[in-house]
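Please read the structure below before turning to the comments.
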Amino acid sequence: MIVCPNCNHQNPEGATQCEACYTPLPVTTSCPQCGATVQTDASFCGQCGFGLQGNGDPFGATGQPDFPDLEPTPDLPEVPFPSSPEEPATEVSEAIAPASTPSSTATSSTQLQVENASLLHVQTNSVLELPQNLPIIHLGKPGGPVPPDIDVSGFPDSAIVSRVHADIRVEGGIYYLEDVGSSNGTYVNHNPLVQGNRHRLRAGDRIALGKEDKVTFIFQLSS
C-alpha cells in the first residue's frame, strides 16, 4: 500500500496519484535486503538500514556516520591531586577560615562609655549609687505609697524628709530632679525647686531634701 502524503489515504501498489485527493504519489520500490517498500530516492531502507544509493552501508565504508571535522580541544594544564585524603580538608579549612574585618575590629575596639551616677551624702561622706536600670528613681523613706529606691531614713536629721519626697528621672542618659510634693521642699544649689518643675542635674549639683540644708547630697558622674 502507498500512503498519500497529503491525506494519508492508502492506495494500492503501483498507483501514481491518490485515489482520494489526486495528489501525485511518490514512486516506490522494494528494499533488495529485506523487501520492505521504500521510495526510489531514499538513501537507505528504514526497516533494515540497507544503503540504497551506495554500497549497501548506510554509514559508509567506515561503519560510522559522517560528521564534520571538529577542531581539537586545546590541552588543559594538569592539576595535581593530593597524595592523601587529609590534605584537601586542611586546605579547605584554611581557605574558609573567617578573616577579621575592619568593621568587626572597630566594633570590638569602640565601646560606648556608660556614666554611673551617684549621690554623695555631705553630712556622713557616704556614697549612694543610683540604680542604672530604672527610668525613675524615688528618693524618700519607707512607709509611703511608693517605696523609695534611695532610702535616707538611716541618715541624721532624716525626719525632715518626706516618705515620698523627690524623683530623679533618667531620659537618654540625662538625669532630671523634681519634687513630688514633699512637706519641707527640695533645694538645688540652695534654690528651692518648685513642684511640677524639674532641674537637669549636672556633676557637682548640691541637692538638699528639706530645709536648713540638713540632709544634703552632691550629684556625681563617673565613667
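With a point put 7 Å past each Cα toward its Cβ, work out how far ASN116 is from VAL146 in nm, to one decimal.
Simple spin-label model gives 2.6 nm for this pair.
Sort 178-191, 126-139, 205-218 by the packing proxy (mean of other Cβ within 10 Å over each peptide's residues), most packed first.
The peptides rank, most packed first, as 205-218, 178-191, 126-139.
Which FRET efficiency value, to the nearest 0.05, do you get for ALA15 and ALA42 by plugging their Cβ-Cβ distance into 1/(1 + (r/R0)^6) with R0 = 22 Å?
Working: r = 18 Å, r/R0 = 0.83.
So, using R0 = 22 Å, E works out to roughly 0.75.
Counting only other residues whose beta carbon sits under 12 Å from that of SER158, what net charge do I get with K and R as +1, D and E as -1? List each step's numbers first, then the result.
Working: positive: LYS141, ARG163, LYS214; negative: ASP151, ASP157.
Residues close to SER158 contribute a combined charge of +1.
Note down the net charge around ASP149, summing +1 for each Lys or Arg and -1 for each Asp or Glu among other residues with Cβ under 15 Å from its Cβ. If you can, show how the numbers build up before the last one.
On the way: positive: LYS141, ARG163, ARG169; negative: GLU129, ASP151, ASP167, GLU178.
Computed value for this residue: -1.
Excluding ILE174 itself, what net charge comes from residues whose Cβ is under 12 Å from its Cβ, given Lys and Arg +1 and Asp and Glu -1? Each step should come with its number before you reach the end.
Numbers: positive: ARG169, ARG198, ARG200, ARG202; negative: GLU115, GLU171.
It works out to a net charge of +2.
Pull out the extension gain between ASP213 and VAL3, defined as 0.36 nm times the separation in residues minus the alpha carbon to alpha carbon distance; nm, one decimal.
63.2 nm
Could you give the nm distance between label points at VAL27 and LEU134, where each point is 7 Å from its Cα heading toward the beta carbon?
For VAL27 paired with LEU134, the spin-label model returns 11.5 nm.
Provide the FRET efficiency to the nearest 0.05 for the TYR176-THR124 pair, computing r from the beta carbons and using R0 = 30 Å.
For R0 = 30 Å, the calculated efficiency reads 0.75.
If you roll a 1.4 Å probe over segment 104-223 with all protein chains in place, what percent of the accessible area is carbon or sulfur?
C and S atoms contribute 48 percent here.
Does segment 128-223 classify as rounded, prolate or oblate by the C-alpha gyration tensor (a ≥ b ≥ c root eigenvalues; a/c under 1.5 gives rounded; else a/b over b/c gives prolate, otherwise oblate)?
It is rounded, given that a/c, with a ≥ b ≥ c, falls under 1.5.
The values are calculated or read from the model by the stated rules, or taken from the named source; none is laboratory data. Quantities reported herein were computed from a predicted structural model and do not represent experimental measurements. Neighbour counts run over all protein chains shown; Cβ positions are idealised from the backbone, glycine included. With ligands, DNA and RNA removed, areas are computed over all heavy atoms of the protein, side chains included. Shrake-Rupley method; radii C 1.70, N 1.55, O 1.52, S 1.80 Å.
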